[in-house]
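The values are calculated or read from the model by the stated rules, or taken from the named source; none is laboratory data. Here the structure is a predicted model, which is why all the values come from computation and not from measurement. Positions of Cβ are backbone-derived with ideal geometry, glycine not excepted, and every protein chain shown enters the neighbour counts. SASA here: full protein model, heavy atoms, side chains in, ligands and nucleic acids out. Shrake-Rupley method; radii C 1.70, N 1.55, O 1.52, S 1.80 Å.
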Amino acid sequence: MTKHDTWVKLKPGNPYEPILELFTDGMIPMRDPFPMERPKGPNNEQIALWIVDLERLSSIQIQAIARLIGNVRNADVNEVAAEALQEGGFAMSEVWVESMQCWAEGFARSKELADFLETAPPPGTPEGRKAWSDFSDDQYERWIYGDEEPPLIRSIEDIDPRLRTPELEQALKQVQIEQQLSNYSVFDVLTGRAMVDILNRTDPKNTYSLIGLDDEDFEDSEVYE
């Protein structure tokens, strides 16, 4: 099964604040890159729910979420945890989600959702409901229960244009630099050799080289930032 790669940051004042210290940077792993569960609410309205990915939770995190939900529902912690295991994860209302981070799988599934929404019949119609049901079933088969592997992401060109942002492009460049730095020794990083090599690969329009302070050509050299 593909390792899911979607994480969400919650809005201030969310009911999960007492346990967020158990999660790195307060980010909670989600099974889907978009709300997939849409049950009926108290007034028969549809509710969009995020599903917390149990596979990426520690036992301590599972117990903490189960205890928090149990306190709200006045239910036994073990019963809440067992229900989550049976249903495939803890459900979380979309109203608490402030932002989302994802990688290859998240972008692949988001692209598929965008493709679907561009061609799907109007929502609320019999055709629209059937189209969504078929799309949802396909997502479950391939991504949640199956072994679907997303295309690799090497640069911004591997991201669907509809999903690109300047912030994403900058983040991808930073990831590329960090990955390349991991191949160098500490000495190469401290002396600047690693950065010069990376700059020459990522910015081929310019030429970068190491220059010592005692180099006679130092004052005439162009410095790039």
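May I have the pair-distance distribution P(r) for the chain, computed from all Cα-Cα distances with 10 Å bins from 0 and rounded to whole percent?
Histogramming the chain at 10 Å steps yields 6, 23, 27, 20, 12, 8, 3, 1 percent.
How charged is the neighbourhood of residue 53? Take every other residue with its Cβ under 14 Å from the Cβ of residue 53, and add Lys/Arg as +1 and Asp/Glu as -1.
Details: positive: 3, 31, 56, 109; negative: 5, 32, 37, 55, 87, 105.
Local net charge: -2.
For the chain, what is the accessible area per residue in Å² when the probe is 1.4 Å?
Working: 14630 Å² over 225 residues.
Value returned for the chain: 65 Å² of accessible area per residue.
Which residue fluctuates most in the GNM of the chain (Cα springs below 10 Å): 165, 119, 207?
Looking only at 165, 119, 207, the largest GNM fluctuation is found for 207.
Would you kindly give the portion of the calculated P(r) for the range 87-206 that falls above 26 Å, as a percent of all Cα pairs?
Numbers: 3161 of 7140 pairs.
Counting pairs separated by more than 26 Å, the tail of P(r) holds 44 percent.
Considering only protein heavy atoms and a 1.4 Å probe, what is the carbon-and-sulfur percentage of the accessible area of the range 31-142?
Values: 3340 of 6440 Å².
After summing per-atom areas, the C and S share lands at 52 percent.
Find the Rg to Rh ratio for the range 1-44, where Rh is the Kirkwood radius over alpha-carbon pairs and Rg uses the same atoms. Mind showing how you got there, number by number?
On the way: Rg = 13.3 Å, Rh = 12.6 Å.
A ratio of 1.06.
How are the Cα pair distances of the range 16-143 distributed, in percent, across 5 Å bins from 0?
Pairs per bin, as whole percents: 2, 9, 17, 21, 20, 14, 10, 6, 2.
Just grab the label-to-label distance for residue 25 and residue 56, each label 7 Å out from Cα along the Cβ direction, in nm (one decimal).
1.1 nm
Take the Cα coordinates of the range 73-117, assign each an equal point scatterer, and use the Debye formula without solvent to give log10 I(q)/I(0) at q = 0.18, 0.31 Å⁻¹.
-0.80, -1.02
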